[in-house]
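The structure appears below as structure tokens.
What follows draws every value from the coordinates through simple rules; no lab data is involved. Small disclaimer: the values here were computed from a predicted structure and weren't measured. Here Cβ is always computed from backbone atoms with ideal geometry, including for glycine, and neighbour counts include all displayed protein chains.
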Amino acid sequence: AQKVTQAQTEISVVEKEDVTLDCVYETRDTTYYLFWYKQPPSGELVFLIRRNSFDEQNEISGRYSWNFQKSTSSFNFTITASQVVDSAVYFCALSEGAGGTSYGKLTFGQGTILTVHP
Amino acid sequence: GAVVSQHPSWVICKSGTSVKIECRSLDFQATTMFWYRQFPKQSLMLMATSNEGSKATYEQGVEKDKFLINHASLTLSTLTVTSAHPEDSSFYICSANDVTSGRSNEQFFGPGTRLTVL
């Protein structure tokens with residue numbers, strides 16, 4: 001069975017601080033995908049990134065960066081120089097790779113509520 | 001990018017009535033769609049997998065007679081909450097795979113439907 005754990009329920013920072021959101025996953029699949037989504041108060045999920053299990057390169061997109069470490073089954077997300085607009089709930093998610101019986105289904109972590117204060 | 005719409009965006013109904021929620025892929029075909037439920041301050045939980053032209057596959061603990069899913073075309077899946085009760089009040093979100101492009105493992109989420117049962 002797949003499982004995603006986001007140990008941080010809530011994080012509160014002051015604007016311009018860096019913040020890292022942790023994500024640890026469990027799966028028996030050798031091929032899988034990891035995702036991060038942002039959910040602002042409106043409720044609509046905003047896709048941030050998808051990473052497949054064979055690509056362990058870290059990625060940077062503007063103020064966002066992701067650290068994928070297969071050895072520790074972690075896929076952490078860092079926001080540099082946080083802004084008030086970053087305040088939202090962030091979800092880490094996992095799906096099985098193509099060909100599996102659970103292909104396409106997402107298993108979500110519990111979510112981390114990030115509040116950035118001015 | 002691929003767009004998924006949901007209708008209605010919110011609905012309030014009386015206990016005992018049935019409510020139908022539509023999920024449409026606007027610019028791609030989706031042989032598979034997924035329905036998630038999110039209770040306040042909680043994560044998204046997969047309810048069922050909707051397959052075009054066949055019966056939906058429900059996750060453990062989800063009552064198939066209460067949450068009727070119909071996927072009659074490649075662009076439309078509907079979720080009907082039958083005899084709704086206050087405990088069914090939740091945020092319902094659908095997602096779809098775009099299998100016609102190279103993004104077959106990318107999930108596109110609808111904006112969600114907020115159901116309140118009085």
Note on the protein assembly as shown: the mean projected area of its alpha-carbon convex hull, in nm², is 12.9 nm²
Under the 7 Å Cα-to-Cβ spin-label approximation, A:Glu10 and B:Met45 lie apart by a distance in nanometres of 2.2 nm
Within the under-11-Å Cβ sphere about A:Ser65, not counting A:Ser65, Lys/Arg +1 and Asp/Glu -1 give a net charge of -1
Residue span B:Thr82 to B:Asp27: 0.36 nm per residue of separation minus Cα-Cα distance leaves a gain in nm of 16.8 nm
Within region A:40-118, DSSP-loop trypsin sites (Lys or Arg not before Pro) with at most 14 other C-beta atoms within 10 Å are A:Arg63
Evaluated at 10 °C and 1.306 mPa s, the Stokes-Einstein D of chain A based on the Kirkwood radius over Cα pairs, in µm²/s, stands at 110 µm²/s
Rounded to whole angstrom, the alpha-carbon centroid of region B:24-86 lies from that of region A:32-95 at a distance of 26 Å
Length gained, A:Asp55-A:Thr30, 0.36 nm per residue minus C-alpha separation, equals 7.8 nm
Loop-resident chymotrypsin sites (Phe, Trp or Tyr not before Pro) in region A:17-118 with no more than 16 other Cβ atoms inside 10 Å, DSSP not H/G/I/E/B, are A:Phe54
In order over region B:76-84: 3J(HN,Hα) from phi, Karplus 6.51/-1.76/1.60, θ = phi - 60°, whole Hz, x for each Gly or Pro, gives 9, 10, 10, 10, 10, 8, 8, 6, 5
Taking only the alpha-carbon positions of region B:1-89 as identical scatterers, the Debye log10 I(q)/I(0) at q = 0.18, 0.19 Å⁻¹ comes out as -0.83, -0.92
Cross-link reach from A:Lys16 to aspartates and glutamates, straight Cα distance under 19 Å and at least 8 residues apart if same chain, gives A:Asp86
Ignoring GluC sites (Glu not before Pro) buried by more than 15 other Cβ within 10 Å or outside DSSP loops, the longest site-free run in chain B is B:1-58
One finds, for B:Ser15 and B:Ala72 with R0 = 30 angstrom and r their Cβ-Cβ distance, a FRET efficiency to the nearest 0.05 of 0.60
Per DSSP, the loop-located GluC sites (Glu not before Pro) within region A:1-108 having at most 16 other beta carbons within 10 Å are A:Glu15, A:Glu17, A:Glu44, A:Glu56
